[in-house]
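Bear in mind these aren't lab numbers, they're just calculated from the coordinates by the rules spelled out. Quick caveat: nothing in here was measured; it's all calculated off a predicted structure. Ideal geometry is used to build each Cβ from the backbone, glycine not excepted, and the neighbour counts take in all protein chains shown.
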Amino acid sequence: MRPTKSKKPSGGSYRGRVNNDSNGSVATAGDGPRRRDWFPSAGEMVTIVADTAQRGNEILQELEEKKARVIFSNLHVSDYQITDNVYVTYLTSEEFVQRLADKRLYRQVLELKRSCPEPVMIVEGPSVYEVEEANTNVINGALAFISILNRIPVLFTSSPQESADIIFMATNQMQFGLGFEVHVDEQRMKKRDYKEIQLDVIGALPGVGPVLAKAMLKNHGSLQSVFSADSEELSSTEGLDEDKVEVLTKLFEFKG
């Protein structure tokens with residue numbers, strides 16, 4: 001098994017091509033993670049925001065070679081930001097298994113979901129199933145929790161070069177597009193998108209989740225009916241117990 005490379009080196013500094021914002025001022029830890037003026041307009045170079053703790057790692061060195069513009073800031077719960085909404089968290093295979101063993105990974109996933117609009121996770125290194133003391137069932141359960149229940153994509157890479165490639169390509173596509181047109185059946189897409197958005201909205205309610213969201217939407221028919229339902233009508237959904245009904249009723253009726 002190859003030695004683990006630390007993603008947060010204790011010493012040294014990364015001297016990227018550019019580490020200042022578009023107005024020429026240095027990005028500091030206090031700037032926060034969501035400044036829209038960091039990201040490029042047409043004709044400018046790919047811009048990536050990196051957490052200050054990432055200085056000196058191999059991924060940033062690879063991104064420098066790809067001529068990416070790198071800005072440093074304190075991103076708090078993620079390691080890279082590639083658009084206003086998309087945040088990337090980076091772990092080695094060993095870190096993934098270690099944090100899974102002591103349950104930190106679950107807390108981290110929930111914090112990502114709470115703090116980042118569209119989080120993505122990159123796991124780099126040998127297969128997580130090959131890491132010492134890895135448990136296949138536990139790993140499969142964690143991957144289901146992350147990617148299916150919380151809808152956070154998990155991308156596996158074998159090296160810093162591959163990690164940098166993924167980050168660079170995703171950033172380039174998000175900021176400048178694919179470079180070609182993809183045609184779809186707009187009517188079919190619209191119908192599917194509306195249904196998915198409805199389920200996302202209901203599933204985000206406290207204590208609901210994706211399974212109950214489907215049941216509630218099927219029972220009430222529309223978002224309008226769900227949000228206008230009283231406690232008795234909410235109770236008609238199988239699986240929605242009294243405690244959850246009480247929380248939802250108070251939420252729907254709250255006026256600030």
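Summing +1 for each Lys or Arg and -1 for each Asp or Glu among the other residues whose beta-carbon sits under 14 angstrom from that of Glu238 gives 0. Extension gain for Glu65 to Glu111 (0.36 nm times residue separation, less C-alpha to C-alpha distance): 13.3 nm. Exceedance of the 24 Å cut-off in Cα-Cα distance is limited, within the set Lys218/Lys244; Lys195/Lys255; Lys214/Lys250; Lys113/Lys214; Lys113/Lys195; Lys214/Lys244, to Lys195/Lys255. Taking 17 Å as the straight-line reach from the Cα of Lys67, the aspartates and glutamates in range (excluding those fewer than 8 positions away in the same chain) are Asp21, Glu44, Glu58, Glu162, Asp165. From the largest down, the stretch 46-149 spans 41, 28, 20 angstrom on the principal axes of its Cα atoms. Close amide H contacts of Phe72 (hydrogens built in the peptide plane, cut-off under 5 Å, sequence separation of 5 or more or a different chain): Ala27, Ala50.
Efficiency by 1/(1 + (r/R0)^6): what FRET value for Lys218 and Leu155, r their Cβ-Cβ distance, R0 = 35 Å, to the nearest 0.05? It comes out at approximately 0.60. Calculate the tail of P(r) for the stretch 93-158: the fraction of all Cα-Cα distances greater than 14 Å, expressed in %. Here the tail beyond 14 Å accounts for 56 percent of pairs.
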